[in-house]
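What follows is one structure encoded as structure tokens, with my remarks underneath.
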Amino acid sequence: MSNYNSREPLSDADPLTAEDEVSEPIIPLSYGSRPAGGLPMRGLNPAEIYDAGTDSSDNDSLAIELETDVESDDDDIFPRKSTSEDSPLMGADAADYGPSKMPPDYVSPHSPNWTPTLRLRMVQLVTCTNVFLTGWDSSCTASTYALIGSEFNAANNVSWISTSYLISSTAFQPLYGRFSDIVGRRICFLFAISVFFIGTLGCSMATSLMTLNIARAITGVGGGGLVTLGTIILSDMVPFRLRGIYQSALNFCWGFGSVTGASTAGLIADAFGWRYVFIVQLPIFLISIILGYMYIINPPYSGPISANKISNIDFGGSITLVTGLSSLLACLSMGGNEYAWTDPKVLGFGASAVIMLSAFVFIEGKVARMPVMPLRILKGRLPISSLTCTFFTGIANNSQLFMLPLFFQAVNLDPASVSGARLIVPSLVGIIGSITTGVIMSKWGHLATLMKIGTLIMLIGCRLVASFGPDSPKWQFVFFLMPTQFGNSLLIPAVLFSMLAHFSRVDHAVATGTCYLVRSIGLVLGVAISNSINQNSLTKILPEMLKNLPNRDELVDRVIHSVTAIHELEPETQRLVVDGYTYSLRRCFWASTIACAIALFASMFTNGSKLKRKEDDEEEAIAAAAAAAEPVREEEAEFV
């Protein structure tokens, strides 16, 4: 008695002809690929495809035609390699694929009978927990970094608390996508959350600003994968047309983490000390590690690890990116602050930044087989405009997030708990925006419109914040902060899904990684540029405003290195220092406004996109046809 998994030819009634079955053995390719001359493989469960029978010796000469919407084979500027970023991440040889052993409750996202399962809900809980932690961590440092810098007498260098995390996170973020295709989703997840745990524990034990920055960099190595892996893991289990809702849930958790982090971190720091801000996160990490080990699975097309796959990873690009960004931030941090802009150290870091970032572009274009930021993704009006928009809005948003707590503590003279609490309502508005975006994208699309509206609202919010001063009414500190966060929550998912809708599924991992990478670079530069503007302004304006005081130089040095020292000044001197901080911080807020204006201009070149694509209809049709043909195959097997 025969069965469908045999190597015997199929009948004429089968969608695949007998000739197709004999000449082209079926192997589980990445979604978006198809055997040359055969039917598209998208829409079928790779585990089921593999079971259809294959001989590895037949696959050595199998030609693969990638279905992609971009020009990937004739790049005039940077010649392509034999193994490239648009090749299936797991390779095309059948030897790389073993029979997938999926759990019984696994349902392919391409199945016409797809429904959410308990495993999906638990995976969603795990990913949302991690995104919550990243949001909590980002806001808790924003509301307490001034207090931390004052304790270490290094308030002028506290930007490294954020940038050390962002640099390592930015560099390692795209690598998680590559590694998760090679070693599996679960291993990468457990590694990321474990490193995050170790780094957070190190932050709680730091004895100096230097050791704290090192611990924050370690935390970033793990944090770089939490949001990325959350998107990738859910994408393995959810149909594309529904991912907007699930992505909005992740955005909601990030916003909720930001709300609780900003509001509770200040209270914890004032009551118990800033170290407990990191200690309270540790139990949540442990729960996340346990749940991730239990429920996260690898996609059905995962294959075994090989040295060739490891060698394809773009370590050179990551190293040059880390070195280049670190040198750039060191140049911006030291120039005009601790050293003159013409000092050899500052010039040396600047030259190093230019050399290493140029090397990064060269490696991405001509050397790397699987670059962390494929330059071909930057071709076309929509990718360029979308990535430009997310880059400059990242600068604006993180600059404002970093400088607002400093404004509240240095100008309003608020304690850390109050400065953090002022960010609660704006973060809640951001959550509402994330939910709204998810509903609109899933039902109507309008991705380009959401991007433009979100950027415009952000621009209005940044302009309103630039009007803040020591005599501003308290209600402005609530309502004027809302537009920026609401607009930001609209455009982030719109940019991501505009990129995904533009490219074929084979390029989704690359497009997602590039989108996150470009935005992360914007976040890094947002903190670095705003801190450089603030420190350079303070070192110029404060000596001028305090020129009549006998101890001017000592006083300027004290209030720059410690924000809490402002509370100890005489009322008249305190007012002068507050005015100086107001002037410097307004310049930072105006820089955010200019960045938003550039982003708005870039967004005007995007066109409309929807989450419903032609290839999704094809996949559903193929999957439905396969399901309908199954009873016919069983009858044929019984007859034979």
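The values are calculated or read from the model by the stated rules, or taken from the named source; none is laboratory data. Everything quoted here is computed from the prediction, not taken from an experiment. In this analysis, Cβ positions are derived from the backbone assuming ideal geometry, glycine residues included, and neighbour counts consider all displayed protein chains.
When SER204, SER180 are screened for being touching a Leu at 6+ places or on another chain (Cβ under 9 Å), among the polar types (S, T, N, Q) and crowded, with 24+ Cβ neighbours inside 10 Å, only SER180 passes.
To keep it simple, each residue is scored yes or no on (1) at pLDDT 85 or above; (2) within 30 Å of ASN607 (Cβ to Cβ); (3) touching a helix residue (DSSP H, G or I) at 6+ places or on another chain (Cβ under 7 Å); (4) not assigned by TED's automatic domain parsing to the domain that holds TRP590.
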| residue | (1), (2), (3), (4) |
| --- | --- |
| LEU325 | no, no, yes, yes |
| TYR339 | no, no, yes, yes |
| ILE363 | yes, no, yes, yes |
| VAL372 | no, yes, yes, no |
| ILE377 | no, yes, yes, no |
| ALA396 | yes, yes, yes, no |
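Looking at this structure, is SER385 at pLDDT 90 or above, of a type in the set (Gly, Ala, Ser) and assigned to a helix (DSSP H, G or I)? Criteria met by SER385.
Applying a threshold of 6 Å to beta carbon distances and a minimum spacing of six or more residues, or different chains, the list of pairs starting in the stretch 285-302 at a residue that is more than 18 Å from VAL227 (Cα to Cα) and among the hydroxyl-bearing types (Ser, Thr, Tyr) and ending at one that is part of a loop (DSSP other than H, G, I, E, B) and at pLDDT below 75 reads TYR301/PRO28.
Across the stretch 315-374, the qualifying residues are those that are polar (S, T, N, Q) and touching a residue at least 60 places away in the same chain (Cβ under 8 Å), and the one among them that is farthest from THR170 (Cα to Cα) is ASN337.
Based on what the data block shows, is TYR165 at pLDDT 80 or above, surrounded by 22 or more Cβ atoms within 10 Å (Cβ to Cβ) and more than 20 Å from ILE290 (Cα to Cα)? Full working, then the answer.
Numbers: at pLDDT 80 or above: yes; surrounded by 22 or more Cβ atoms within 10 Å (Cβ to Cβ): yes; more than 20 Å from ILE290 (Cα to Cα): yes.
Here the answer is yes, as TYR165 does meet what is asked.
Considered as a group, the residues in the stretch 522-563 that are surrounded by fewer than 19 Cβ atoms within 10 Å (Cβ to Cβ) and in contact (Cβ under 8 Å) with a residue 40 or more places away in the chain include one that is nearest to SER327 (Cα to Cα), and that residue is ASN536.
The C-beta contact set for the stretch 208-237 (first residue closer than 16 Å to ASN130 by Cβ, second residue surrounded by 24 or more Cβ atoms within 10 Å (Cβ to Cβ) and among the acidic types (Asp, Glu), distance under 8 angstrom, 6+ apart or interchain) comprises THR219/ASP137; GLY223/ASP137.
The helices (runs of 4 or more DSSP H) falling completely within the stretch 209-296 that include 2 or more residues that are hydrophobic (A, V, I, L, M, F, W, C) and crowded, with 20+ Cβ neighbours inside 10 Å map to 209-235, 243-272, 275-279.
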